[in-house]
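Below is one structure, written out as structure tokens; the observations come after it.
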Amino acid sequence: MRYAGISLTLAALLVSGCAHHPADNPSDPLEPVNRVVFKINETADKYALRPIAKGYVYITPAPIRTGIGNFFDNLDEPRNIINALLQGKPLQASKNLGRLVLNSTAGLVGFIDVASEVGLARHEEGFGQTLGYWGVGEGWYLMLPLLGPSTNRDLVGFVVDIPTKPLWYLSGSEDVYALSATGINLVNTRANYLSADSILEQQFDRYLFVRTAYLQQRWNLIHDGNPPLDDFELPDDESDAPAAAPAPAKK
Amino acid sequence: MLKKFLTLILGFGLAAQVAAAPAAATPDTALKGTTEQLQKLIQTNYKAYRADLPKFYQAVDEVVVPRFDVPYIAQLVLASNYKAATAEQRSRFAAAFKNMMVRAYANAMLDNYNSIQIDWLPVRLGENDKTALVNTTMKSDSGKAYAIGFRVRNVDNDWKVFDIAVENISLITNFRTQLNAEIKKNGLDSVIERMEKGDFLEAAKKNGGAS
């Protein structure tokens with residue numbers, strides 16, 4: 001009941017998200033606030049999450065880390081199945097169902113991704129993507145405390161997807177398992193991105209990089225890896241002979 | 001007379017050769033050719049390049065850069081700032097941007113040239129076959145696979161790269177966003193100067209990005 005109330009409130013956020021904005025010119029009215037949150041997130045990462053992830057990599061062999069990643073990916077399959085159905089992709093939904101069945105049994109409760117070996121590749125779907133598939137725009141870009149980059153649309157998607165997560169159904173005294181599982185998932189996921197840190201450090205403006213990267217990633221997922229080719233909004237008459245007609249200097 | 005005739009035949013033959021080669025090439029074979037050329041160069045000169053990086057950058061300049069449509073890339077990155085820029089600013093920006101890219105990516109290529117395996121996926125042709133998307137998967141020794149997409153366009157019957165997407169993150173979109181924010185703050189000339197000096201990366205590290 002309380003959950004329904006929350007999602008209704010969030011649905012109001014969608015009113016602002018009608019059209020799609022290109023990733024290089026998104027709607028980011030909260031940028032000053034987002035930048036502060038981004039800095040706090042970066043600091044938390046620098047002094048807590050990143051060192052923990054590094055220590056975790058040091059003490060955990062790679063195959064075990066892959067197994068843990070697979071385990072949590074497998075828990076996402078109900079979400080993938082439901083959202084594939086919501087987007088009218090029964091074939092994709094049945095492939096995801098096949099993954100869930102295979103990996104939960106032959107894959108030893110998800111630790112081994114046997115489904116990928118037989119040609120059933122991982123395919124991520126979520127309610128944020130479903131909304132995008134239905135034509136709902138991203139709305140505002142959001143930088144959430146600890147959760148990272150999102151948009152109005154993807155925040156709604158995140159909340160709506162919560163009941164599809166098996167961990168959500170642990171209750172009472174089992175809360176401690178849900179919490180530690182979430183913690184392990186967080187550290188394991190962060191460990192996978194350690195190699196990307198150097199790319200992030202090379203950017204002029206990391207906030208803008210993360211924003212652009214996130215929005216493009218989501219746009220790509222909504223289109224199942226085949227987004228429309230971006231023509232970068234250049235009028236045709238300008239696209240050739242760039243140095244031929246110098247415009248007067250404006251200063 | 002004979003001399004003139006011979007020159008004519010030779011000239012014609014050369015012209016036909018030059019015209020025939022790119023016309024026959026599909027977007028992916030053009031890219032494959034350039035990639036293989038560079039890999040061979042690194043293979044034979046690895047030690048020399050390691051000892052003399054400027055020499056390596058020069059080789060990359062000669063082999064790889066002609067495959068890229070540098071003025072067009074500069075125009076796409078500058079976007080709305082392109083119109084207001086003078087011819088000199090445009091060409092200086094293009095050169096500085098190109099050098100920045102060459103330096104940033106040449107090192108990565110040198111480090112990984114023999115541990116990377118490239119799978120070429122089917123080419124997606126754009127409108128009127130003027131542009132195309134060449135998707136590849138690059139696998140490193142560690143087993144990690146990265147999706148790298150090349151956007152190419154037909155320039156004088158040759159395919160030239162104008163964007164690279166690494167894991168769906170477009171180079172153009174990324175640099176357009178970041179550089180135009182810098183230009184808005186400090187002006188185009190200052191951005192070009194800093195790119196030419198090569199101190200952009202250092203400054204970005206110190207500032208921590210957010211301002």
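The values are calculated or read from the model by the stated rules, or taken from the named source; none is laboratory data. Quick caveat: nothing in here was measured; it's all calculated off a predicted structure. Cβ coordinates were reconstructed from backbone atoms using ideal geometry, including for glycine residues, and neighbour counts include every protein chain displayed. We work out accessible area using only protein heavy atoms, side chains counted, and drop any ligands, DNA or RNA first. Shrake-Rupley method; radii C 1.70, N 1.55, O 1.52, S 1.80 Å.
The alpha-carbon atoms of segment A:105-146 define a convex hull whose volume equals 132 cubic angstrom per residue. Its Cα centre serving as origin, segment B:87-186 has a Cβ charge dipole (Lys and Arg +1, Asp and Glu -1) of approximately 400 debye. Relative contact order of chain A: 27 percent, from C-alpha pairs under 8 Å at least 6 residues apart in sequence. For the segment B:79-90, counting C-beta atoms of other chains within 10 Å of every residue's C-beta and taking the mean gives 4.
Mind giving me the FRET efficiency for residue B:112 and residue A:173? R0 is 60 Å, r the Cβ-Cβ distance, nearest 0.05 is fine. Calculated transfer efficiency: 0.75. For chain A, complete DSSP H runs whose alpha carbons reach 15 Å or more along their own long axis and whose mean Kyte-Doolittle score is -0.5 or higher are A:2-13, A:31-44, A:62-75, A:90-105, A:175-192, A:206-222. Rg and Dmax of segment B:118-167, based on Cα coordinates, read 12.3, 40 Å. Counting only other chain Cβ atoms within 10 Å of each residue's Cβ, the peptide B:180-189 averages 2.
Okay, which of segment A:119-153 sit inside 19 Å, backbone N to the point 7 Å along the Cα-Cβ direction of residue B:185? The answer is A:143, whose backbone nitrogens lie closer than 19 Å to the label point. Using Cβ point charges alone (K and R +1, D and E -1), the dipole size of segment A:44-121 about the Cα centre works out to roughly 220 debye. Using equal-weight Cα scatterers in the Debye expression, the normalised intensity of segment A:157-224 in log10 at q = 0.13, 0.20, 0.26, 0.28 Å⁻¹ is -0.61, -1.01, -1.12, -1.16.
When each of the peptides A:142-149, A:122-129 is scored by how many other beta carbons lie within 10 Å of its residues on average, the order from highest to lowest is A:122-129, A:142-149. Beyond 17 Å, what share of the Cα-Cα pairs of segment B:27-91 is found? Please give it as a whole percent. Here the long-distance tail beyond 17 Å is 55 percent of all Cα pairs in segment B:27-91. Solvent exposure of chain A, expressed per residue, is 55 Å² of accessible area, with all protein chains present and a 1.4 angstrom probe. Among the listed pairs A:39/B:185; B:83/B:185; B:32/B:160; A:39/A:165, a Cα-Cα separation exceeding 22 Å is found for A:39/A:165. The 1.4 Å probe gives accessible areas that order A:58, A:47, largest first, as A:58, A:47. Simple spin-label estimate for residue B:137 and residue B:50 gives 3.1 nm between the two label positions (7 Å along the Cα-to-Cβ direction from each Cα).
Both chains summed, the buried accessible area for A and B stands near 3700 Å², from protein heavy atoms and a 1.4 Å probe. Placing a pseudo-label 7 Å from each Cα along the Cα-to-Cβ vector at residue A:20 and residue A:224 gives an inter-label distance of 1.5 nm. A 1.4 Å probe over all protein chains sorts A:207, B:146 by accessible area into B:146, A:207, starting with the largest.
Tell me, what does the Kirkwood hydrodynamic radius of chain A come to in angstroms if you use every pair of distinct C-alpha atoms?
20.6 Å
Fully extending the segment from residue B:119 to residue B:193 would add 22.8 nm, taking 0.36 nm per residue of separation and subtracting the current Cα-Cα distance. Listed by chain and number, the aspartates and glutamates whose C-alpha is less than 15 Å from the C-alpha of residue B:197, apart from same-chain residues fewer than 8 away, are B:189.
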